[in-house]
Amino acid sequence: MENPYFAHETAVIDDGCIIGKGTRVWHFTHIMQGCEIGENCNFGQNVVVSPGVKLGDNVKVQNNVSIYTGVICEEDVFLGPSMVFTNVTNPRSAVVRREQYEQTLVRKGASIGANATIICGHEIGQFAFIGAGAVVTKDVPPYALIIGNPGKQVGWMSEFGHRLNFDADGIAICPESNERYQLQNRIVTKLPE
């Protein structure tokens, strides 16, 4: 029976993985046992997906990304080149902490930029935008723009990836989609059309 996904001949996919239709796995990528990968995902080269990782539909994983056990990404997540997740807050080579892996949850539509690091045990809110090289050390609210080390929130982003500029009434309009957003009590919501 033919696979419903594409895997390059150099890719390694362990037994016990579920990989959705239309997903593409490119050069030298290793997807380890027990992973659940949605439909229409794309894995660049040199990606490592550790056992038990769960990725929703349409997740884009760029080259040289490490996704460790304990990570869950909902649909439409973007993981930029060479970004990395951790799964233990206090690793030591001589101390085995496999039973202490912490969960990291990346919500729908979030983007994580190149070379960013996500310290384990946190949630990245839907449509949040983590800038290149940022180090996330705490939970990130939906639509937040995070940059720096340690990561600090410097603004808000639309679902199309544009910086939102809120007026005196707390309303912002995405310049690409014309969707409207409201900021109240440091919470951003997209307004219905």
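The values are calculated or read from the model by the stated rules, or taken from the named source; none is laboratory data. Keep in mind that what you see is a predicted model, and the values were worked out from it rather than measured. Ideal geometry is used to build each Cβ from the backbone, glycine not excepted, and the neighbour counts take in all protein chains shown.
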Worksheet item: Taking the stated definitions as given, is Phe85 touching a residue at least 12 places away in the same chain (Cβ under 8 Å), on the phi < 0 side of the Ramachandran plot and crowded, with 21+ Cβ neighbours inside 10 Å?
Response: yes
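Okay, residues lined up against (1) touching a helix residue (DSSP H, G or I) at 6+ places or on another chain (Cβ under 7 Å); (2) part of a loop (DSSP other than H, G, I, E, B):
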{"site": "Asn64", "(1), (2)": "no, yes"}
{"site": "Ile72", "(1), (2)": "no, no"}
{"site": "Asp76", "(1), (2)": "no, yes"}
{"site": "Val88", "(1), (2)": "yes, yes"}
{"site": "Glu99", "(1), (2)": "no, no"}
{"site": "Phe127", "(1), (2)": "no, yes"}
{"site": "Pro142", "(1), (2)": "no, yes"}
{"site": "Pro150", "(1), (2)": "no, yes"}
Worksheet entry | Hits in the range 67-91 - residues which are hydrophobic (A, V, I, L, M, F, W, C) and under 13 Å from the mean Cα position of the chain (by Cα) | Ile67, Val71, Ile72, Cys73, Val77, Phe78, Leu79, Met83, Val84, Phe85
Worksheet item: Is one or more of the residues making up the range 118-125 in the same structural domain as Gly56 (by TED's automatic domain parsing), touching a His at 6+ places or on another chain (Cβ under 8 Å) and closer than 24 Å to Leu55 by Cβ?
Response: no
Worksheet entry | Filter result (in contact with an Asp or Glu (Cβ under 7 Å, 6 or more places away or on another chain) and either surrounded by 16 or more Cβ atoms within 10 Å (Cβ to Cβ) or closer than 20 Å to Gln103 by Cα (or both)) within the range 19-39 | Gly20, Thr23, Ile31, Met32, Gln33, Gly38, Glu39
Practice prompt. Please name all residue pairs, on different chains or six or more residues apart, with Cβ atoms under 6 Å, provided the first residue is in the range 31-47 and is not assigned by TED's automatic domain parsing to the domain that holds Val77 and the second residue is of a type in the set (Gly, Ala, Ser).
Written response: none
Worksheet entry | Scope the range 146-173; condition of a type outside the set (Gly, Ala, Ser), surrounded by 20 or more Cβ atoms within 10 Å (Cβ to Cβ) and farther than 15 Å from Leu191 by Cβ; matching residues | Ile146, Met157
